[in-house]
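So the structure is just underneath, and the comments pick up after that.
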Amino acid sequence: MSFSQPQEDYALNPHQRPQLVKATTPGTQDHFFFRLRYLSQQLQTEDLPLTNQVIEEARALIQAAENSNVVHDTEQLEQLKTQFALLSYPVKPDILLKHLDHDPGVLQASADRALDMDEGESSAESSSDGVDKLPTSLDQSIVKTEQLTDKMLDKIHTSFYSAEIPSDAWPNLMAQPRMESILDSLDLDQLRALFRNIDVKYSSKSLEIVNKADSSQFDKVVVKVILRLFKAKKIDFSERCAQFQHLTRSQLAMIVKQLPEVKSNEGYVALMERRIVPEAFPLQEEAAYQAWLDKMLAFVDELPPKFNRDKLNVYLMSLEHDLKRGIMDKKKFLR
């Protein structure tokens, strides 16, 4: 990345920055960027107190830069916008919360975004400018999980078609009592559209990230949504739907417990069958294969007559395995 002479002077001469900012031509890209960067640094080093007036000054500069036709480095402008959203939080939290709607990744902001983005500053300059004492990430304590959760739920309730929810947030959202009432209030077409955006897969890592969401409540709500849509014939388990592919065995078991007739659905049976798999890399392959056959036999025995062909295939595999071991199971043969 190349630097112009004014940019280089600004980066390498921290004590001359006030004069350099004044020397810029109003209405130019350098004018907007130098003023915003200098204002940001003053707030970070606490040379300038954080007040509503300062925040409004920064917002006015950003808006003027966005509306001008001279600012071409939109990436740098967006970085500055993120900086001021973070810096403004103690006085005006709505600025950051609104910014999170468009960029949830801002919570991962690090020094290269939250502080000065100049690549040319030396370590000596950083020390003299006080930058080395600045935090390198957003203090999570100032962004309350409850506020962010409520904001996401409000977004789903009012405009779920345009709601962009981070995948790891879904377990936490689905565990909220409000979420169940929001889903109940949607009509079937709205619920179907939202269901296709719900990330139903989760892991211990994602639950840790979202503050250990209640996975039992997550399962309950997911199953409730699926059953409501299935009974209304708005979805079918045979659809090529990512949400179905990530359903767990416990969720599928909850579905059949509440709706036993789902065993006659070919799509549902296929989903259950794919979740009965042999042990990976077993120490005793023979025992692992036998355990898998036993699970498959127990599974197909509960299926209705329409799946007799599938039952026959499993029975034949089991009988063939028995014969290889010199076992003749007459009862199994006469099933």
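Just a few scattered comments:
- Residue within region 299-319 that is in contact (Cβ under 8 Å) with a residue 12 or more places away in the chain, more than 26 Å from residue 238 (Cα to Cα), not basic (Lys, Arg) and not assigned by TED's automatic domain parsing to the domain that holds residue 242 present: yes
- Any hit, region 208-230, residues being in a loop (DSSP other than H, G, I, E, B) and modelled with pLDDT of 90 or more: no
- Of all the residues in region 276-294, those that are surrounded by 12 or more Cβ atoms within 10 Å (Cβ to Cβ) and not acidic (Asp, Glu) number 9.
- Of the residues examined, residue 61 is not one that is modelled with pLDDT under 85 and not assigned by TED's automatic domain parsing to the domain that holds residue 163.
- Qualifying residue in region 67-79 (condition: over 17 Å from residue 39 (Cα atoms), among the hydrophobic types (A, V, I, L, M, F, W, C) and outside the structural domain of residue 164 (by TED's automatic domain parsing)): yes
- Test: residue in region 282-296 that is touching a helix residue (DSSP H, G or I) at 6+ places or on another chain (Cβ under 7 Å), under 26 Å from residue 240 (Cβ atoms) and not assigned by TED's automatic domain parsing to the domain that holds residue 235: yes
- Scanning region 243-267 for residues that are among the aliphatic types (A, V, I, L, M) and without any contact (Cβ under 8 Å) to a residue 40 or more places away in the chain turns up 252, 253, 254, 255, 256, 259, 262.
- Scanning region 231-264 for residues that are part of a loop (DSSP other than H, G, I, E, B) and either touching a helix residue (DSSP H, G or I) at 6+ places or on another chain (Cβ under 8 Å) or crowded, with 18+ Cβ neighbours inside 10 Å (or both) gives 232, 234, 235, 236, 237, 238, 239, 247, 248, 259.
- Filter result for residue 118 (more than 32 Å from the chain's Cα centre (by Cα), farther than 30 Å from residue 148 by Cα and either at pLDDT 85 or above or among the acidic types (Asp, Glu) (or both)): no
- Test: residue in region 38-46 that is over 30 Å from residue 146 (Cα atoms), out of contact with any Pro (no Cβ under 8 Å at 6 or more places or on another chain), of a type in the set (A, V, I, L, M) and modelled with pLDDT of 85 or more: yes
The values are calculated or read from the model by the stated rules, or taken from the named source; none is laboratory data. Fair warning: this is a prediction, and the values are worked out from it, not measured in the lab. Positions of Cβ are backbone-derived with ideal geometry, glycine not excepted, and every protein chain shown enters the neighbour counts.
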